[in-house]
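A short write-up of the structure that comes next.
The values are calculated or read from the model by the stated rules, or taken from the named source; none is laboratory data. Treat the numbers as computed from the prediction; the structure is a model and nothing was measured. Cβ atoms come from the backbone with ideal geometry, glycine included; neighbour counts cover every protein chain shown.
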Ligand SMILES: [Ca+2]
């Protein structure tokens, strides 16, 4: 556009060799047109730059990528790094999105299906570690105000194969809690290598329980058992208020975990399954 106008004005100037006054008027007129032309083009360029700036500099809202989040945990303090997260128990409940921790690269955040919540679920895609806990380990710090016994439960799914008895478990440990055990009626079992007995049938080592889900309904459900073929519910006791560490590590590939909860007898399993309770607040200050 600039080039076209420039040559159009040049040819007009070259074709007028009449009198000096006429030349002056023509030159003045030509200069004026020339200036107007540049001004017009400069304005057009500015508008163009302005327009392209508006379309390219709009920040992309990361929250809009993927499925919408059902709920957000409230955060207190300068809380941007997951490594600093402390989940704060309130009124006898710890309610946490499992993906809110720092994970090994072989734990993949996934969002397929309808039953997940939060930003998705974590699924182990690395090697299986059926006999040895510790592979792909991560932890959640939990601040307990109300001491006592809490039941532990997570919401998990079999995301590989079509059998409810494979790809259905992950290791769990509460090493600094006052107690960590499985219970079914009068039967109470403790993890192996803690010095406490009896121990459950099936895998257990170094204070870790194998925590499994059962049944051939493979999609996400709230169920956590230990002790093979004799499912014991899982409990943790905290005698002192303070910050405790919950550890998990990979056992079966293809086991997906969406959320977990610890709850005292104020709540029932049905309350947790309803998923209407608020997520635990996240603090980043000890
Ligand atoms: Ca989740």
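For the stretch 178-185, indicate whether the set of residues that are surrounded by 15 or more Cβ atoms within 10 Å (Cβ to Cβ), within 16 Å of the ligand (Cβ to nearest atom) and over 19 Å from residue 247 (Cβ atoms) is non-empty. No, the stretch 178-185 has no match at all.
Quick check on residue 202: is it more than 22 Å from the chain's Cα centre (by Cα) and under 18 Å from residue 151 (Cα atoms)? In short, no. Looking for something under 24 Å from the mean Cα position of the chain (by Cα), within 21 Å of residue 95 (Cα to Cα) and part of a strand (DSSP E or B) - is there at least one such residue anywhere in the stretch 213-225? Scanning the stretch 213-225 turns up at least one residue that is under 24 Å from the mean Cα position of the chain (by Cα), within 21 Å of residue 95 (Cα to Cα) and part of a strand (DSSP E or B).
Among the residues making up the stretch 253-275, those that are within 16 Å of the ligand (Cβ to nearest atom) and either touching a helix residue (DSSP H, G or I) at 6+ places or on another chain (Cβ under 6 Å) or in a loop (DSSP other than H, G, I, E, B) (or both) are 261, 275. Take the conditions (1) farther than 17 Å from residue 73 by Cα; (2) within 13 Å of the chain's Cα centre (by Cα); residue 102 misses just one of them, which is (1). Does residue 278 satisfy being in contact with a helix residue (DSSP H, G or I) (Cβ under 8 Å, 6 or more places away or on another chain), at pLDDT 95 or above and either in a loop (DSSP other than H, G, I, E, B) or surrounded by 17 or more Cβ atoms within 10 Å (Cβ to Cβ) (or both)? Considered against the rule, which asks whether it is in contact with a helix residue (DSSP H, G or I) (Cβ under 8 Å, 6 or more places away or on another chain), at pLDDT 95 or above and either in a loop (DSSP other than H, G, I, E, B) or surrounded by 17 or more Cβ atoms within 10 Å (Cβ to Cβ) (or both), residue 278 comes out as no. Close contacts from the stretch 105-132, counting a first residue that is outside the structural domain of residue 250 (by TED's automatic domain parsing) and a second that is part of a loop (DSSP other than H, G, I, E, B) and within 16 Å of the ligand (Cβ to nearest atom), with Cβ to Cβ under 6 Å and a gap of 6+ residues or different chains, come to none at all.
Kindly indicate whether any position in the stretch 150-160 is away from the ligand (no atom under 16 Å from the Cβ) and part of a loop (DSSP other than H, G, I, E, B). Yes, the stretch 150-160 contains a residue that is away from the ligand (no atom under 16 Å from the Cβ) and part of a loop (DSSP other than H, G, I, E, B). Can you confirm whether residue 286 is more than 16 Å from the ligand (Cβ to nearest atom) and part of a loop (DSSP other than H, G, I, E, B)? For residue 286, the condition - more than 16 Å from the ligand (Cβ to nearest atom) and part of a loop (DSSP other than H, G, I, E, B) - is met. For the stretch 115-149, the set of residues classified as away from the ligand (no atom under 16 Å from the Cβ), crowded, with 19+ Cβ neighbours inside 10 Å and outside any strand (DSSP E or B) consists of 129, 133, 136, listed by residue number.
For the stretch 73-114, filtered to residues that are within 12 Å of the ligand (Cβ to nearest atom) and exposed (fewer than 15 other Cβ atoms within 10 Å of the Cβ), the residue that is nearest to residue 146 (Cα to Cα) is 109.
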